[in-house]
Each structure stands twice: as structure tokens, then as C-alpha cells.
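Reviewing the structure listed below.
The values are calculated or read from the model by the stated rules, or taken from the named source; none is laboratory data. Here the structure is a predicted model, which means the values were calculated and not measured. Cβ atoms come from the backbone with ideal geometry, glycine included; neighbour counts cover every protein chain shown. Surface areas here come from the heavy atoms of the whole protein model, side chains and all, with no ligands, DNA or RNA. Shrake-Rupley method; radii C 1.70, N 1.55, O 1.52, S 1.80 Å.
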Amino acid sequence: MIEKNYENLERSYLENAKNIHDFRHHVMALDELLTEGEFEEAQGYIRSLHEAEAHSFSAVITGNAVIDAVLNAHHSSAQASGIDFSVTAQPLPDLTMGSWELSTLFSNLLENAREACEKVKGREPWIEVKISVANRFLLLEIRNTSDSRPEEKEWKTTKREKQGHGLGLLSVEDIVEKYNGSLKRSCSEDGIVEVSVMCETISTITDNN
């Protein structure tokens, strides 16, 4: 899984490098159109660039190669399934959590969200990811549409109830417990699932203000 994520990240880096190279040509073309007074053509050119940007996804989100690779891989899968996938993230400092643990944590939770979205009927499915830091803790919030409600209104891993949970969630529980964290899941009446994870995996205290 980690190897696949890194391959996806490398492809994204190459794509970004190509886009940066092409940017200079776009500027030159727009400059020529404006110089010649072709304002409508220039506006059309700009609109086409906006449309292309709206369908793109930058793999460089947090600066952590593993997390960015996982995000990029799941964005591609979500997009292929017609699921809107958005990420809000701040640059992350060095993390003490191992690469395989980061991949396991993010991949399992995002896979659960994507599988729930694929079963949604009658409305547009979406996944929202928020990544931030607070002091020594990495904070991860995932919200997604769902047509089914979990049996428990709120689920905490400290109880470690194996029945009813998949192996992927058990792996997530182990990681959260190892890093003195917490894991909560809730579902609103309108079928929005929210998962919140907090793990102590930052080596120095970080001011997130």
C-alpha cells in the first residue's frame, strides 16, 4: 500500500512540474491576446484555465510525503466513483508516527468514507478532510455522506469492542492507543458521518494560532 501511494505521489509531482512549466506558456499566450486587443479570446482562455484547475488536485497538501500520497490516491479513487473529495490542511511538522502507521491510519478511515459514499442514493456523495495540529497532537477530521447510521451514536476506541468492527478499524484503534490519542465517530440525522482522530505524534509543541 505504501509503495503504491509513493508511486501515485511521484506521478503527481511530475504532473505538477509539467503544469509549472506550462504556466509560462499560458502567460505568454494571454499577453499576446491582450496586446492584440483580443479581450474576449483572453477571457475565454482564462475561463478554460479555471475549469482545468477546478478538476485538478494538488498532491502536496501537508508536506508529509506519506499523508500526501494517501490523500492523492484516495482522491483519484473518489473522483473515479463520482465522489467530491476536498481537503483542508495546514503544513505539518515532523511526526514521530511511522510511515506505515500513517498510511494505515489515513487509508483505512478514507476507505471507509469512500465505501459509504459509493452506497449513497438520491444525493451527491462527498468527503471532506481536515488536517491540523494542536500542541503535540495531530488532528484528523473526516466527514462524509452516508445512507446508513452506525449502531452507536458515538464510538470510542478506548473500549476496544471487536464485535462489529472490521480489521481495518482495529488497526486504527491500535495506532490511536499507541499514540495516546482518541477516536470518535458520530452520525447526524441527515446521514453525515464524522470521524475525529487525535494522536500525540509531534515531537515539539506547535502553536497553531
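Here are the numbers for this structure:
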quantity: Pair list, Cβ < 9 Å and 6+ apart or interchain, from region 67-94 residues that are among the acidic types (Asp, Glu) and open to solvent by 20 Å² or more (accessible area, probe 1.4 Å) to residues that are modelled with pLDDT under 90 and not in a loop (DSSP other than H, G, I, E, B); calculated: Asp84/Ala78; Asp94/Ile202
quantity: Scan of region 109-153 for residues that are open to solvent by less than 90 Å² (accessible area, probe 1.4 Å), at pLDDT below 90 and within 14 Å of Arg185 (Cβ to Cβ), ordered by number; calculated: Ser148, Pro150, Glu152
quantity: Answer residue from region 158-181, given it is more than 22 Å from the chain's Cα centre (by Cα) and at pLDDT below 90 and is least open to solvent (accessible area, probe 1.4 Å) among those; calculated: His165
quantity: Matching residues in region 44-65 - criterion: being under 18 Å from Leu139 (Cβ atoms) and modelled with pLDDT under 85; calculated: Ile61, Gly63
quantity: Hits in region 199-209 - residues which are over 14 Å from Gly98 (Cα atoms) and either assigned to a loop (DSSP other than H, G, I, E, B) or modelled with pLDDT of 95 or more (or both); calculated: Thr204, Ile205, Asp207, Asn208, Asn209
